[in-house]
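Take a look at the structure set out below.
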Amino acid sequence: MIKQAIIPLAGLGTRLLPLTSVFPKELLPINGKPGLEYILDECVDAGINEIIFIISKKKKLIKKYFYNDIFFKRILKKKKDKRLKYEYNKILKFKKKIKFVYQNKPLGTGDAVLKAKKFITGSHFLMLFPDDLIMKKNCSKDMITIHKKFKCSVMASMKVKKNNVNRWGIYSVNKKINKQNFLIKDVIEKPNINDAPSTNAVIGRYILPRNIFSKLKKQIKGKGGEIHITDSIRKLIFENYKFVGHNFAGKYLDCGTMNGYIKSSLEISKV
Ligand code: G1P
């Protein structure tokens, strides 16, 4: 049973400057709701009951967002506002499920995930990247079903344009399992067009085995001088860990770039 999720939130958000110069990108509103809340809704709906946030000193506002009880109570005492009460209760529910760990140096996603090691108790855990919103269909829930059925690790996948492969982790496909799922042969972090084995890109939903931590501990820096989760996943694949790529059915919204962020508000209002 997968009951725990990790959400890396320590990134600097440079692709969204100037919006992120003082404000965490994950709290930026998308159609009237912080992007992070869409991710939390997905987790809770998928049956997750403990969520580990990896933040940094610079991202302390994220903790404050969930720990601002006194402020809410003071306002609610003065005026009985139904909407505010509803929002406050929702934040309280999230707060009970969240734990915080810190990654103060931006050394990459792999280094971030390693910080959460002490909290992970199960054989596998879910990881979600908040830049990647998937609407209409709960991708995490579907991936948990695949994990149970095939007894494997799972990563979300989406076809991207060939001239865009260097923005993503790219899969090499072993063989198709069925229409939506395939066995992963290899995964390469942000390859050049000529080195990309396919146009199937890694999207930020992962079900990973606990053993990833032993690989992350020894992981050396990769692309751009960062420690990438992709490089440690690769090592597990080469040790014959079964990894399945899942072509998710929902609507993908890229909230990590300025263009994508602007579009996502418009798109989400149509969903
Ligand atoms: C990260 C991963 C990359 C993946 C992407 C999905 O990149 O390193 O493999 O394709 O998330 O959003 P980032 O967006 O942090 O540059």
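The values are calculated or read from the model by the stated rules, or taken from the named source; none is laboratory data. In this text the structure is predicted, and so the values were computed from the model without any measurement. With ideal geometry, Cβ positions are generated from the backbone for all residues, glycine too; neighbour counts draw on all protein chains shown. With ligands, DNA and RNA removed, areas are computed over all heavy atoms of the protein, side chains included. Shrake-Rupley method; radii C 1.70, N 1.55, O 1.52, S 1.80 Å.
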Specify the residue that is surrounded by the most Cβ atoms within 10 Å (Cβ to Cβ); the eligible residues are those in segment 145-197 that are within 18 Å of L236 (Cα to Cα), away from the ligand (no atom under 11 Å from the Cβ) and of a type in the set (A, V, I, L, M, F, W, C).
V154
Which number in (1) open to solvent by 40 Å² or more (accessible area, probe 1.4 Å); (2) more than 17 Å from the chain's Cα centre (by Cα) marks the one condition that D45 misses?
(2)
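Would you confirm whether or not segment 48-64 contains a residue that is small (G, A, S) and open to solvent by 20 Å² or more (accessible area, probe 1.4 Å)? Let's see the steps before the verdict.
Here is the first cut: in segment 48-64, the residues small (G, A, S) are 56.
From what's left, open to solvent by 20 Å² or more (accessible area, probe 1.4 Å): none.
No, segment 48-64 contains no residue that is small (G, A, S) and open to solvent by 20 Å² or more (accessible area, probe 1.4 Å).
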In segment 228-271, which residues are of a type in the set (A, V, I, L, M) and either surrounded by 21 or more Cβ atoms within 10 Å (Cβ to Cβ) or part of a helix (DSSP H, G or I) (or both)?
I229, I233, L236, I237, V244, L253, M258, I262, L266, I268
Going residue by residue through segment 79-102, is there one that turns out to be open to solvent by less than 60 Å² (accessible area, probe 1.4 Å) and either under 24 Å from P197 (Cα atoms) or within 12 Å of the ligand (Cβ to nearest atom) (or both)?
no
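Are any of the residues in segment 45-66 touching a residue at least 60 places away in the same chain (Cβ under 8 Å), assigned to a helix (DSSP H, G or I) and either at negative phi or touching a Cys at 6+ places or on another chain (Cβ under 7 Å) (or both)? Don't jump to the end; show me each part of the working.
To start, the set of residues in segment 45-66 that are touching a residue at least 60 places away in the same chain (Cβ under 8 Å) comprises 45-48, 50, 52, 54.
Keeping just the survivors that are assigned to a helix (DSSP H, G or I) gives 45.
Then drop every residue that is not either at negative phi or touching a Cys at 6+ places or on another chain (Cβ under 7 Å) (or both), which leaves 45.
Yes; the residues of segment 45-66 include at least one that is touching a residue at least 60 places away in the same chain (Cβ under 8 Å), assigned to a helix (DSSP H, G or I) and either at negative phi or touching a Cys at 6+ places or on another chain (Cβ under 7 Å) (or both).
If a residue has to be within 27 Å of L40 (Cα to Cα), more than 10 Å from the ligand (Cβ to nearest atom) and either assigned to a strand (DSSP E or B) or free of Cβ contacts under 8 Å to residues at least 60 places away in the same chain (or both) to count, how many in segment 198-222 make the cut?
Start the filter on segment 198-222 by keeping residues that are within 27 Å of L40 (Cα to Cα), which leaves 200-213, 216.
Next cut, more than 10 Å from the ligand (Cβ to nearest atom) only: 200, 207-213, 216.
So of that shortlist, the ones also either assigned to a strand (DSSP E or B) or free of Cβ contacts under 8 Å to residues at least 60 places away in the same chain (or both) come out as 200, 207-209, 211.
Counting residues in segment 198-222 that are within 27 Å of L40 (Cα to Cα), more than 10 Å from the ligand (Cβ to nearest atom) and either assigned to a strand (DSSP E or B) or free of Cβ contacts under 8 Å to residues at least 60 places away in the same chain (or both) gives 5.
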Among the residues in segment 35-42, are any of a type outside the set (A, V, I, L, M), open to solvent by 10 Å² or more (accessible area, probe 1.4 Å), in a helix (DSSP H, G or I) and within 14 Å of K95 (Cα to Cα)?
yes
Candidate set: segment 118-144, residues that are open to solvent by 20 Å² or more (accessible area, probe 1.4 Å) and part of a strand (DSSP E or B); chosen: the one nearest to G204 (Cα to Cα):
M135
For segment 105-144, which positions are closer than 21 Å to G256 by Cβ, within 16 Å of the ligand (Cβ to nearest atom) and aliphatic (A, V, I, L, M)?
L107, A112, V113, L126, M127, L128, L133, I134, M135, M143
